[in-house]
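Any read-out appearing in this document is the output of simple, stated calculations on the displayed coordinates, not a laboratory observation. Not measured: the values here are computed from a predicted model. Cβ placement follows ideal geometry from the backbone for every residue including glycine, while neighbour counts extend to all protein chains displayed.
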Amino acid sequence: MAAVTTAGICAVMLAATQATAGTATLNRQLQLTDSPTMGASASVSRTIYLAADNYGWSVATSDNVAYVDSLGNRSIYLAAGTYNWTCTIYSPANGYYENYCSIKKAGSDPAYVESGRYTLPHSGTYNITSYLTGL
């Protein structure tokens, strides 16, 4: 596990998988401080095949007891194909976090979903998870 306490990006790439129904997830478990320094960040990425569909897309931060932040969500139509899906947690200002996710198919512009700024109730282990759910 990595602590988000210094500037820089730590990315994790996951193998391509196929999602055709139900919910696909992108998750990273991190040790986070409740007093992050501006500029701290960590990322997770995966390549995924998606069927053409309308999807509900969200990003949430959870400490396995309760959601700390689940403000980032939107509906999106995605054509069938292989996508690169990336989520980043970062500190835009001392003491705050935001989540930022993108999904991009080769040859097209990326789409984004972002949470608002939030604080953590305590330092500890958190999951940063993004969901794509067929509607």
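Enumerate the calculated ³J(HN,Hα) couplings along segment 33-47 in order (Karplus 6.51 cos²θ - 1.76 cosθ + 1.60, θ = phi - 60°), each rounded to whole Hz, writing x wherever the residue is Gly or Pro.
Along segment 33-47, the couplings run 8, 7, 9, x, 8, 3, x, 5, 7, 8, 10, 9, 9, 8, 9 Hz.
Which net charge results when you count Lys and Arg as +1 and Asp and Glu as -1 among the other residues whose beta-carbon is under 12 Å from that of SER45?
On the way: positive: ARG28, ARG46, LYS104; negative: none.
So the environment of SER45 carries a net charge of +3.
Cβ neighbours within 10 Å, averaged per peptide: list 103-113, 39-49, 81-91 in order, most packed at the top.
Values: 103-113: 13.7, 39-49: 18.3, 81-91: 20.0.
The packing order, highest mean first, is 81-91, 39-49, 103-113.
Which Rg and Dmax, in Å, describe the Cα atoms of segment 29-135?
Just the Cα atoms of segment 29-135 yield Rg and Dmax of 14.3, 42 Å.
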